[in-house]
Amino acid sequence: MIADLALLPVVLESRLGEVTLRAAREEDLDALMALLADDEVSAARGDVAAEEDRPAYAAALTAIQADPANALLVAESADGALIGTLQLTRIPGMARRGATRLLVEAVRVRSDLRSSGVGSAMMRWVVDDAAPALGCALVQLTSDSARVAAHRFYERLGFVASHVGFKYRVV
């Protein structure tokens, strides 16, 4: 299970100081909901941290934790506040001579702490430590076309906008 990475928890350095990256726990649910709602694009999709949505988020967290290919991670500041999150999914594949990919989803840093180096520290850890430890040859992510600042962020980290993504809404 990638949530049980021997690498976790890990202390990352940012301009805020030390930040601890660890697996998400049930007691993090409210803070996770708030992080998703603290984002214009997510909020426009319905992530507004409404209490009536709590059971759906709780079920999603349980499913992620139970899936051995997935991990939901959180970043905590030195005072214990949850200030960031990301989800990792390990995907074995046939393409690229059987390469395994590490998919990064739902990267969020609390809006008042963006540009503090927390997101960069999390993503550097993914690329430098998590991907090799999980036997992944490629780290990939998608980003909503409206997230222009996020695109600049990923490009600064060395990610290349190499593909066009498509989605099909079922429900």
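What number of residues within segment 127-149 are in contact (Cβ under 8 Å) with a residue 12 or more places away in the chain, part of a helix (DSSP H, G or I) and farther than 15 Å from residue 11 by Cα?
3
Sort out which residues of segment 79-93 are in a strand (DSSP E or B) and touching a Ser or Thr at 6+ places or on another chain (Cβ under 7 Å), and write them in order of number.
Result: 83, 90, 91.
Does residue 159 qualify as being in a loop (DSSP other than H, G, I, E, B), closer than 22 Å to residue 109 by Cβ and under 17 Å from the mean Cα position of the chain (by Cα)?
yes
Would you confirm, using the coordinates I've provided, whether residue 9 is touching a Leu at 6+ places or on another chain (Cβ under 7 Å), more than 25 Å from residue 147 (Cα to Cα) and free of Cβ contacts under 8 Å to residues at least 24 places away in the same chain?
Yes, satisfied.
Can you spot a residue in segment 34-55 that is under 16 Å from the mean Cα position of the chain (by Cα), farther than 20 Å from residue 150 by Cα, surrounded by 19 or more Cβ atoms within 10 Å (Cβ to Cβ) and touching a residue at least 60 places away in the same chain (Cβ under 8 Å)?
No, segment 34-55 contains no residue that is under 16 Å from the mean Cα position of the chain (by Cα), farther than 20 Å from residue 150 by Cα, surrounded by 19 or more Cβ atoms within 10 Å (Cβ to Cβ) and touching a residue at least 60 places away in the same chain (Cβ under 8 Å).
Regarding residue 20, is this residue in contact (Cβ under 8 Å) with a residue 24 or more places away in the chain, under 21 Å from residue 141 (Cα atoms) and of a type outside the set (D, E, K, R)?
no
Go through 124, 152, 96 for me and flag whichever is of a type in the set (Lys, Arg), surrounded by 12 or more Cβ atoms within 10 Å (Cβ to Cβ) and in a helix (DSSP H, G or I).
Selected residue: 124, the only one of 124, 152, 96 that is of a type in the set (Lys, Arg), surrounded by 12 or more Cβ atoms within 10 Å (Cβ to Cβ) and in a helix (DSSP H, G or I).
Given (1) more than 25 Å from residue 138 (Cα to Cα); (2) assigned to a strand (DSSP E or B), where does residue 72 come up short, assuming only one miss?
In the conditions (1) more than 25 Å from residue 138 (Cα to Cα); (2) assigned to a strand (DSSP E or B), residue 72 misses (1) alone.
Which condition number in (1) within 25 Å of residue 146 (Cβ to Cβ); (2) in a helix (DSSP H, G or I); (3) touching an Asp or Glu at 6+ places or on another chain (Cβ under 8 Å); (4) not acidic (Asp, Glu) is the one that residue 61 fails?
With respect to (1) within 25 Å of residue 146 (Cβ to Cβ); (2) in a helix (DSSP H, G or I); (3) touching an Asp or Glu at 6+ places or on another chain (Cβ under 8 Å); (4) not acidic (Asp, Glu), residue 61 is out only on (1).
Every number in this text was worked out from the coordinates using simple rules, so none of it is lab data. Note that the structure is a prediction, hence the values are computed from the model and not measured. Counting neighbours? That spans all protein chains shown, and the Cβs are built from the backbone with ideal geometry, glycine included.
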